[in-house]
Amino acid sequence: MTATTKPTTQLGPDARAWAAENLKGFYMCPLTPLTDDFELDEEGLRHNIDAFVEMGCAGLVVGGFFAEGWNMTLAEWRRYHEVVADAAAGRLPLFTIILESSAYQAIEKMRYVESLGFTGAEIMNPSVQLKTDDDVVSYFEFVAPKTGLALVLYRTPVSGFVYSHDAVLRIAEHPNVIGVKNGTLSWTDSIALRRRGGDRLVISEPNERYWAHDAALFGGRVLYGELSLLLYGKWRSDLRRYTDLALAGDLEKALPLSEKLDPIRQVYDEVLIGRIAATGSYVAAMPYLKAWFELLDLRAGPVRPPVAARLSAAERDLLGQQLEAAGAI
Ligand SMILES: N[C@@H](CC=O)C(=O)O
């Protein structure tokens, strides 16, 4: 079994020093562009990655739910990561997202992306079988030492089990665990977790709505594993500007800029956050997100079956009107 072979090392024990320096700003999760026959649109993916670099993404977090990584064959998953690595060409750090029930498959995937030059992996706890804190800690005890990647924990009800803050701190004993995408849809939970583990881990509250206050007052440093910078269109420069101010602790100047973004946040909440909260899944939001990408001249194409591939023409028009009214396009 691959999992028992000697670990490769990339950042390894230097992962936390790397994170202190680099895990900041916008680590965004792109959608995967597909052709009309639901295959990877490699040219579209390359086009998008150039656009993401241009937009000011600090890093990319790829291959998860937003990217439809859960609905790719292993060969497709590998090819997708190859194209991402080749297109990014070292211009920004890359993290994959591991959504595996098998620890062995998780390790094999991490070793693969490590060979492509990826910096890290965000790992969701398995959605089957491992349903206690001890189970989840054991899972990470098994996988963490077998990769040289920097690891970010993906803590989310979408996995079916949200492990405790105590479990996070136990997992943080592994030196290559650098952070948490705290996807519990609770900012106060993110702050509480940061108060306990923020000396060792970068805790990301991934809801941009709280970002100005989170960065200026509560130690937030990274918007990790979401899509605001990709989706806000004409608001991107204001998002970047208020982020710089908030990270520098200047809430007074950051806040008026941030407040201008409320209309686009409303669309984001309706299209994305509301649907995730209502269904415990990203699926219902995906046709909207793909249409949104295209309305911003990013490549997207359809969603892969068995998910609804596209919005109806009427739904797409309405989304376009909402984005226009919110000033994003
Ligand atoms: N949950 C998102 C991003 C996580 O960080 C995904 O899987 O794409």
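We did not get these values from a lab; they are worked out from the coordinates using the rules stated. This is a predicted model, so every value here is computed, not measured. No Cβ is skipped: glycine too gets one built from the backbone with ideal geometry, and neighbour counts run over all protein chains shown.
Worth a mention:
- Sites His47 and Asp134 - FRET efficiency at Förster radius 41 Å, r taken between beta-carbons, to 0.05: 0.35
- Cα-only Debye scattering, the range 177-329: base-10 log of I(q)/I(0) at q = 0.10, 0.15, 0.19, 0.20 Å⁻¹: -0.39, -0.83, -1.18, -1.26
- Extension gain from Ala192 to Ala284, taking 0.36 nm per residue of separation minus the Cα-Cα distance: 30.1 nm
- Ordering of 40-49, 303-312, 191-200, 55-64 by packing [mean C-beta count within 10 Å, highest first]: 55-64, 40-49, 191-200, 303-312
- Ranked by how many other beta carbons lie within 10 Å on average, peptides 84-94, 170-180 from highest: 170-180, 84-94
- Sequence-distant residues sharing a close amide H with Val180 (under 5 Å, placed H): Leu153, Val202, Ile203, Ser204
- Distance cut-off 16 Å, percentage of C-alpha pairs in the range 109-206 lying past it: 53 percent
- Look at the alpha carbon pairs under 8 Å that are at least 6 residues apart: their mean separation over the length of the range 12-258 gives a relative contact order of 20 percent.
- Rg to Rh quotient for the range 41-163, alpha carbon positions, Kirkwood Rh: 0.98
- Annotation: amide H of Asp41 within the under-5 Å range of Leu34, Thr35, sequence separation 5 or more or interchain, hydrogens built in the peptide plane.
- Ordering of 271-279, 239-247 by packing [mean C-beta count within 10 Å, highest first]: 239-247, 271-279
- Straight-line cross-link partners of Lys234 among the lysines, defined as a Cα under 28 Å from its Cα and at least 8 positions apart when in the same chain: Lys24, Lys181, Lys253, Lys260, Lys290.
- Convex hull volume per residue in cubic angstrom - Cα atoms of the range 12-258: 116 Å³
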